[in-house]
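The values are calculated or read from the model by the stated rules, or taken from the named source; none is laboratory data. Owing to the predicted nature of the structure, the values given are computational and were not obtained by experimental measurement. Cβ atoms come from the backbone with ideal geometry, glycine included; neighbour counts cover every protein chain shown. Surface accessibility is based on the protein's heavy atoms, side chains included, excluding ligands, DNA and RNA. Shrake-Rupley method; radii C 1.70, N 1.55, O 1.52, S 1.80 Å.
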Amino acid sequence: MTTTTVTLADLTRRTGLDVLDHLEQEMAIPVIDGLQAQGDLIVVPLDLARDMSAARTARWRPVPAAGVELLRGAAGGNPHTLVADPGTCRWTTDVIDPEALAIGVLETRAVAYLIHPEHGGTGIAPGAYAVRRQRERATQRPGRSRLSGGDRLVAD
């Protein structure tokens, strides 16, 4: 995973992780330095993640080339895996998050990637980010002025 253009085929070859056949293998993976979502995950630059941070006593672990599984989809579904070149990215699940949506925090000095069998890959530019579950508002029932059910996690 270098700063040059990386295709989905490059990423799957380097990591040994598979994606579904319907995904375009030769498409360049975009590298984003802002908010980005992949299924039921959202990656938020830490400077935008209000009240969320790594704990002062966080145990950081390096992200290996083979990756770290961040979240598996609903009912044992497909995993979201964070991958990076060795020595360039670290990860912790020791977080402070009053909203209880955080999965962890990553810091990367080079482009890191999220890969998912159904969604393909997304690039994360160098920086510090919170990785959180996405939530959505329940829809309003016809004839009612208030939401029913409140917030719920996005299920991928």
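Once the piece of chain linking Asp94 and Met27 is laid out straight, how much longer is it, given 0.36 nm per residue of separation minus the C-alpha distance between them?
Values: separation 67, 0.36 × 67 = 24.12 nm, distance 3.46 nm.
Length gained between Asp94 and Met27: 20.7 nm.
Could you sort Met27, Met52 by accessible area so the largest value comes first, with the probe set to 1.4 Å?
Numbers: Met27 115, Met52 10 Å².
Ranking Met27, Met52 by accessible area, largest first, yields Met27, Met52.
Which order do peptides 94-105, 56-67 fall in by mean Cβ count within 10 Å, highest first? Don't jump to the answer; show the numbers that get you there.
Working: 94-105: 16.8, 56-67: 13.6.
Packing proxy ranking, top to bottom: 94-105, 56-67.
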